[in-house]
Amino acid sequence: MARNGLLIQYEWCTGCHACEVACKQEHNYPAGVCGIKVVEVVNAGQDKVFVDFAPFTTRFCDLCADRTKSGEEPTCVKHCQATCITYGTVAALAKEQEKMPRSSLFAPK
Ligand code: SF4
Ligand code: SF4
């Protein structure tokens, strides 16, 4: 059976944390636990400061098994207004990633 995952194009991530909130609500996770976390990375250049937001999945990501079983997309995908997150087979996402300069492919167990 094909393995599924998430492709996150963090080039577009605004750091809004909507994916975290949606994931927490969907799974009713307690405080401090979430299937996805958004990390802020600050790089100070000589005359400019660059801020990147890097969302990454944690061990608690189950790829929204209950939702995807019934044909719905994962809730983080649905709630990301910047459309950074794509759900699909790892093979299809890897192909898609070839066109994306700053992205991560997650294939949780
Ligand atoms: S796929 Fe579901 S469980 Fe995984 S990070 Fe997104 S919302 Fe959380
Ligand atoms: S919802 Fe989308 S834009 Fe907002 S933090 Fe998550 S990945 Fe980034």
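Each value in this text was obtained by applying a stated rule to the coordinates, not by laboratory testing. Owing to the predicted nature of the structure, the values given are computational and were not obtained by experimental measurement. Counting neighbours? That spans all protein chains shown, and the Cβs are built from the backbone with ideal geometry, glycine included.
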List the cysteines in the chain whose Cβ has no other cysteine Cβ under 4.7 Å from it. Cys13, Cys16, Cys23, Cys34, Cys61, Cys64, Cys80, Cys84
Lys/Arg Cβ at +1, Asp/Glu Cβ at -1, dipole of the chain taken about the Cα centre: which of Cys16, Ala92, Val41 is farthest positive-ward? Ala92
Might you report the magnitude of the Cβ-based charge dipole of the chain about its Cα centre, with Lys and Arg at +1 and Asp and Glu at -1, to the nearest 20 debye? 260
Place the peptides 27-36, 83-92 in order of packing, highest mean first, counting for every residue the other Cβ atoms within 10 Å and averaging per peptide. 83-92, 27-36
Taking the alpha-carbon distance from Lys24 and a cut-off under 15 Å, which aspartates and glutamates remain once sequence neighbours fewer than 8 residues away in the same chain are dropped? Asp62, Asp66
Whole-Hz ³J(HN,Hα) for each residue in region 64-77, computed from phi via Karplus 6.51 cos²θ - 1.76 cosθ + 1.60 with θ = phi - 60°, x for glycine and proline: what do you get? 6, 3, 5, 6, 5, 4, 9, x, 7, 7, x, 5, 5, 5
Summing -39500 (n - 2.57) over every DSSP H run of at least 4 residues in the chain and dividing by its residue count gives a helix-only mean residue ellipticity at 222 nm, to the nearest 500 deg cm²/dmol, of -6500 deg cm²/dmol
Mind listing which chymotrypsin sites (Phe, Trp or Tyr not before Pro) in region 1-65 are in a DSSP loop and have 16 or fewer other Cβ atoms within 10 Å? Phe60
Between rounded, prolate and oblate, where does region 4-106 land on the alpha carbon gyration tensor, with a ≥ b ≥ c its root eigenvalues, rounded for a/c under 1.5, else prolate if a/b exceeds b/c? oblate
What angle, in degrees between 0 and 90 and rounded to the nearest 10, separates the Cα long axis of helix 18-27 from the longest principal axis of the Cα atoms of the chain? 30
